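Undergrad: Please find one structure pasted underneath; my questions will follow.
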């Protein structure tokens, strides 16, 4: 159990540790986002949205975590031949073998463009999860003053890293997760035209989001502690018990891709550079939908359920 007094006294040295954890995270899912404990910004008819949130440090029940975020991978794709969807968390989140990742690597290593396209269409998505405190949410004012779980992609994570390790010498590093000397995050989303897998789509863009000036999250320690104690467990999201087994995932994959997980094309010897590329196809975060898209994954889950 994390102690509040220890949290306050140790925050000075935590910034460098967090920056290091962020580097580790980048070098190397999915919860039930219908739950009331998840928050996402509301967008208007034009696809734009605005809110002010505050990222929170490691919560009282997450004392085993080295950083106030968890990183998860999942897959979400449809077999164009039968219309079935595969929406599953990837075991690679737990550094364990995953049947789809293995199948995609084999496809990529054939060197055939046809197989590479299948691997690209089925590659994994990267998501981060943190606790956040909602400062301003004009579209849903009932959310203000509450703590939620927030899922976000690599672009927002990059903004957290930039705050901890600024690119320019005239910028002071801050710990965006600090309750006393952190900063509010002005989340701005707008819809932009993009192209994914040859299809033109509207995607949310968070480039205009930024951190405000350094300030305490509340006026006194009693109020700050009350906010901090509302934190939800992040460890639950990466609990191995919440993942399907390798065999269960393989069975589901074969239901979606009944003609087999691999191409019927004979594999060809892949040069060394192709093996590197195969690893990259699994590390990249530009999935068939935006890596920073906060649209509810339940939409895809419902489609998958309807196909069964």
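The values are calculated or read from the model by the stated rules, or taken from the named source; none is laboratory data. Only a predicted model underlies this, so the values are computations on that prediction, with no experimental measurement involved. Because the Cβ atoms are built from the backbone with ideal geometry, glycine has one as well, and the counts that use them run over all protein chains shown.
Undergrad: I'd like the full set of residues that are crowded, with 23+ Cβ neighbours inside 10 Å and not in a helix (DSSP H, G or I), limited to region 90-102.
TA: Result: 90, 98.
Undergrad: Right, another one. Scan region 30-71 for residues that are in contact with a helix residue (DSSP H, G or I) (Cβ under 6 Å, 6 or more places away or on another chain), at pLDDT 90 or above, part of a loop (DSSP other than H, G, I, E, B) and over 21 Å from residue 218 (Cβ atoms) and report the count.
TA: Within region 30-71, residues that are in contact with a helix residue (DSSP H, G or I) (Cβ under 6 Å, 6 or more places away or on another chain), at pLDDT 90 or above, part of a loop (DSSP other than H, G, I, E, B) and over 21 Å from residue 218 (Cβ atoms) number 2.
Residue by residue, here is whether (1) in a strand (DSSP E or B); (2) on the phi > 0 side of the Ramachandran plot holds:
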| site | (1), (2) |
| --- | --- |
| 104 | no, no |
| 111 | no, yes |
| 126 | yes, no |
| 133 | yes, no |
| 142 | no, no |
| 150 | yes, no |
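Undergrad: Moving on to the next point. Pairs needed: first member in region 224-250, more than 19 Å from residue 149 (Cβ to Cβ); second member anywhere, part of a loop (DSSP other than H, G, I, E, B) and at pLDDT 95 or above; C-beta distance under 7 Å; at least 6 residues apart or different chains.
TA: From residues that are more than 19 Å from residue 149 (Cβ to Cβ), the pairs are 224/179; 224/216; 224/217; 224/218; 246/97; 249/98.
Undergrad: Please work out which residue is nearest to residue 212 (Cα to Cα), limiting yourself to region 121-143 and to residues that are surrounded by fewer than 19 Cβ atoms within 10 Å (Cβ to Cβ) and out of contact with any strand residue (DSSP E or B) (no Cβ under 6 Å at 6 or more places or on another chain).
TA: Selected residue: 138.
Undergrad: For region 63-86, name all the residues that are buried (at least 21 other Cβ atoms within 10 Å of the Cβ) and over 24 Å from residue 125 (Cα atoms).
TA: Matches in region 63-86: none.
Undergrad: In addition: Taking the stated definitions as given, is residue 265 in a helix (DSSP H, G or I), over 24 Å from the mean Cα position of the chain (by Cα) and either modelled with pLDDT under 95 or within 30 Å of residue 3 (Cβ to Cβ) (or both)?
TA: No; evaluated as a whole, the condition is false for this residue.
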